[in-house]
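Only one structure is covered here, and it is reproduced in the block below.
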Amino acid sequence: MTTELVNAFGNVYLTISPDSQNQWVLATWQGYSTQEAIKKGISAYTEALQDAGYSDILIDTRAMVGSWNHSLDWVLEHWVPQAAAAGLQHYALVVKPETFAEAAADIFYEHVTAFEAEIFADMATARAWLRKQRLLQNMAQLQST
């Protein structure tokens, strides 16, 4: 089931869609996001991940305006441990190159160790990476049995 989060003006700033075929959660950000919106949005797609029983998230921030630096400390200190506890193993983040959002993503990537995180410039490459991670994970499970 798709969930849309709206801001005080009634505009959708985040769409969250569990993808049962690929077994990941797709979250698409758009517009400018406040610190409150970031916290609410990230918590919502972490809940969707846990409810679906998935371990992968695909985030598309290409339509996001501005930076999310204002929320970076909270994301790293609070959300990352919560997401790992919720079962997150692979985080694919798609950004528009050479933007403020990409700069925040680079800092995020440098500091995350609780799960695998990669940054991409396009959705096709991000999807391919997530599919590869799923395949590697399945192969490792088969070998351990």
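Read-outs: derived from the displayed coordinates by stated rules, not from any lab. Remember, predicted model here, so these are calculated numbers, not experimental data. Note that we place each Cβ from the backbone using ideal geometry, even for glycine, and neighbour counts take in every protein chain shown.
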Open item on the list: Between region 115-145 and region 2-32, what is the separation of their alpha carbon centroids in Å?
Closed with: 22 Å
Task: Residue-averaged 222 nm ellipticity for the chain, from DSSP H runs of 4+ at -39500 (n - 2.57), nearest 500 - done: -13000 deg cm²/dmol
Task: Dipole in debye (nearest 20) - the chain, about Cα centre, beta carbon charges: Lys, Arg +1; Asp, Glu -1 - done: 320 debye
Task: Rounded FRET efficiency, nearest 0.05, which uses the C-beta distance separating Ala52 from Ala128 and R0 of 22 Å - done: 0.55
Task: Leading residue at positive end of dipole, region 3-144 (Cβ point charges), from Tyr13, Gln133, Ala27 - done: Gln133
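Under the definition of Cα pairs under 8 Å and six or more residues apart, what whole-number percent is the relative contact order of the chain?
Details: 241 pairs, mean separation 27.5, N = 145.
Averaging sequence separation for qualifying contacts and normalising by length gives 19 percent for the chain.
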Open item on the list: If each residue of separation counts as 0.36 nm, what is the full-extension length gain between Thr113 and Gln30 once their alpha-carbon separation is subtracted?
Closed with: 27.2 nm
TODO: State the extension gain, in nm to one decimal, for the chain segment bounded by Thr3 and Ser43, taking 0.36 nm per residue of separation less the distance between their alpha-carbons.
DONE: 13.1 nm
Task: Choice from Val25, Val95, Val80 showing the highest fluctuation, given a GNM over the chain with Cα pairs closer than 10 Å - done: Val80
TODO: With label points built 7 Å along Cα→Cβ from the Cα atoms of Ala140 and Ala121, find their separation and express it in nm.
DONE: 2.9 nm
Task: Length gained when the stretch Ala86-Val65 is fully extended (0.36 nm per residue, less Cα-Cα span) - done: 4.7 nm
